[in-house]
């Protein structure tokens, strides 16, 4: 597969370096499809990842949420065919590591393992400072701030005289 060149986009954007790096690396990596998973969008700011992890117990699974990365690891000792009773072993229980890139401000709120399905709940919480806000348009008049001279005492300052008046 031919790699993509994001150079023209990198020149015209600011702050998207991580996205372009991810897209370039994703095209190079041959991803394993085990375990299969679904990603659901429950609302504008709520998501759910469901992984099919048949045969794994809670103790066999680790979920680590780092900054902008969710790593799910499954490790299990395969003891099914030690006695030789299995004629066919088709249920995969091999070790795995599945990584998900998370957008800024997405955090894991919970996880549950039920009926062979691991569900991970995610929510995007944008900080108040990052939310859109209305900016009032001023009258166009500029305000001048006069510097206080070091020779004047604080009580003789014209700024304080205006404030007390």
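At a 10 angstrom cut-off on C-beta neighbours, averaged per residue, how do the peptides 46-57, 14-25 rank from highest to lowest?
Highest-to-lowest ranking by the protection proxy: 46-57, 14-25.
Starting from the Cα gyration tensor of the range 53-131, take the square roots of the eigenvalues, sort them a ≥ b ≥ c, and report rounded, prolate or oblate (rounded when a/c is under 1.5, otherwise prolate if a/b is larger than b/c, else oblate).
prolate
None of the figures in this text is laboratory data; all of them are computed from the coordinates on show. All figures in this text were calculated on a predicted structure; none of them were measured in a lab. So basically every Cβ, Gly included, is an ideal-geometry build from the backbone, and we count neighbours across all protein chains shown.
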